[in-house]
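Asker: What follows is a single structure, and I will ask about it in a moment.
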């Protein structure tokens, strides 16, 4: 098949690119919502009494993005360290340099894309991925089972750290804010700095992704891999049902039966993202495992389009942020501010429609760059 041929030529796992492409598309939907529906604020966890079901599930859908992307980053790092048909190699240098590159992108190009100017430096998902890669660059030297054990300890244990907190100015505040409690590192002056993505849980996720890498080794057949992925996915979701169903552990906000079924489901799925709770990660990584299995067995024009987006994720990420910034300024210039302090769409369906239009428009430059990246010998281009 054409996709399989292309995959063998590029040494890429097609199902990983397809899943990464899916979460990039969902991410675009969430960023369109943030840009053009900002007048309808969403808290974390979400206030289900103040949020419509349609907006709630639109936001919950985006919960897949960060954990799936970080998990796949770890998995891809293992594939880099264990190239098919070649001798294993160290991934430390690559991970360290790429992690620093991502941190640099976050504090420069990406931060500028949010508002078009620097007033507050937000350390968000790319920062978290960068620091996670730097951490993995050191820890990948350990035995793989130590890597998996440390990752599991972080992911399953970090919820016990919730009661620990520091006030601004106290010893340990800066480090703990970066690791576990989002907040301002610098709250005064010309340039404020806010750590929006606590990195400790994401380090756990990238370690587990690296630990899962051998699922894609030549020693594991496709049929066995699919069985393992399905079993792992169902196992994580089953554990979620137990922990969340009885409010045992893994989420700071307990769920409660509501007056309607849909609201009860909303309460059950209302997980904390900053930092990502255990229940949040069980749901998203569980779904990721099932999708990886499904995408490996599915081939269509739709999945091929997803693969295009997933083969050039950083290019698409930066491109879509600046496109949204420019379009927002154009809308403000043409229509003015009409939603409080912002320009915004009136209905959620407009957010979905606008996202579909942007996906079609952005597909072509992303496809061009994907081909260019595959053919280029530049190490810098490979980072995108």
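Asker: Which of (1) modelled with pLDDT of 95 or more; (2) in a helix (DSSP H, G or I) does residue 345 not meet, given it meets every other one?
Answerer: (2)
Asker: What number of residues within the range 352-384 satisfy the criterion of being more than 26 Å from residue 57 (Cβ to Cβ) and part of a helix (DSSP H, G or I)?
Answerer: Of the residues in the range 352-384, 16 are more than 26 Å from residue 57 (Cβ to Cβ) and part of a helix (DSSP H, G or I).
Asker: Can you tell me which residue among 76, 132 is within 20 Å of residue 23 (Cα to Cα) and buried (at least 22 other Cβ atoms within 10 Å of the Cβ)?
Answerer: 132
Asker: With respect to residue 138, determine if the residue is surrounded by fewer than 15 Cβ atoms within 10 Å (Cβ to Cβ), in a helix (DSSP H, G or I) and modelled with pLDDT of 95 or more.
Answerer: It is true that residue 138 is surrounded by fewer than 15 Cβ atoms within 10 Å (Cβ to Cβ), in a helix (DSSP H, G or I) and modelled with pLDDT of 95 or more.
Asker: Now, a different point. Within the range 243-278, take every residue that is closer than 13 Å to residue 160 by Cα, surrounded by 13 or more Cβ atoms within 10 Å (Cβ to Cβ) and at pLDDT 95 or above and give me the one that is farthest from the chain's Cα centre (by Cα).
Answerer: Per the criteria, the residue is 249.
Asker: State which residue pairs qualify: first residue in contact (Cβ under 8 Å) with a residue 12 or more places away in the chain and inside the range 112-124, second residue surrounded by 14 or more Cβ atoms within 10 Å (Cβ to Cβ) and in a loop (DSSP other than H, G, I, E, B) in any location, beta carbons under 8 Å apart, and separation of 6 or more residues or different chains.
Answerer: 122/196; 123/196; 123/197; 124/196; 124/197
Asker: Now, a different point. Among (1) without any contact (Cβ under 8 Å) to a residue 24 or more places away in the chain; (2) in contact with a helix residue (DSSP H, G or I) (Cβ under 9 Å, 6 or more places away or on another chain); (3) farther than 18 Å from residue 155 by Cβ, there is one condition residue 179 misses while meeting the rest; what is its number?
Answerer: (3)
Asker: Now, a different point. Only one residue in 339, 350 is touching a residue at least 40 places away in the same chain (Cβ under 8 Å), loosely packed, with under 15 Cβ neighbours inside 10 Å, out of contact with any strand residue (DSSP E or B) (no Cβ under 9 Å at 6 or more places or on another chain) and more than 23 Å from residue 22 (Cβ to Cβ). Which one?
Answerer: 339
Asker: Now, a different point. Do the conditions hold for residue 114, that is, is it in a helix (DSSP H, G or I), within 30 Å of residue 283 (Cβ to Cβ), modelled with pLDDT under 95 and in contact with a strand residue (DSSP E or B) (Cβ under 9 Å, 6 or more places away or on another chain)?
Answerer: Yes, satisfied.
Asker: Another question, if that's okay. Please work out if residue 327 is assigned to a loop (DSSP other than H, G, I, E, B), out of contact with any helix residue (DSSP H, G or I) (no Cβ under 6 Å at 6 or more places or on another chain), modelled with pLDDT of 95 or more and surrounded by fewer than 16 Cβ atoms within 10 Å (Cβ to Cβ).
Answerer: Judged against the criteria, residue 327 is not a match.
Asker: Determine, yes or no, whether residue 318 is closer than 19 Å to residue 32 by Cβ, modelled with pLDDT of 95 or more and either in contact with a strand residue (DSSP E or B) (Cβ under 8 Å, 6 or more places away or on another chain) or surrounded by fewer than 13 Cβ atoms within 10 Å (Cβ to Cβ) (or both).
Answerer: No; evaluated as a whole, the condition is false for this residue.
Asker: Within the range 24-105, considering only helices (runs of 4 or more DSSP H) that don't extend past its boundaries, which have at least 2 residues that are farther than 15 Å from residue 209 by Cα and free of Cβ contacts under 8 Å to residues at least 40 places away in the same chain?
Answerer: Fully inside the range 24-105 and qualifying: 53-62, 92-105.
Asker: Let me ask you something else. Does residue 333 satisfy the criteria of being at pLDDT 95 or above, over 24 Å from the mean Cα position of the chain (by Cα) and farther than 24 Å from residue 62 by Cα? Working first, answer last.
Answerer: Working: at pLDDT 95 or above: yes; over 24 Å from the mean Cα position of the chain (by Cα): yes; farther than 24 Å from residue 62 by Cα: yes.
Yes.
The values are calculated or read from the model by the stated rules, or taken from the named source; none is laboratory data. Remember, it's a predicted structure, so these values are computed and weren't measured experimentally. All Cβ positions, glycine included, derive from the backbone under ideal geometry; neighbour counts span all protein chains shown.
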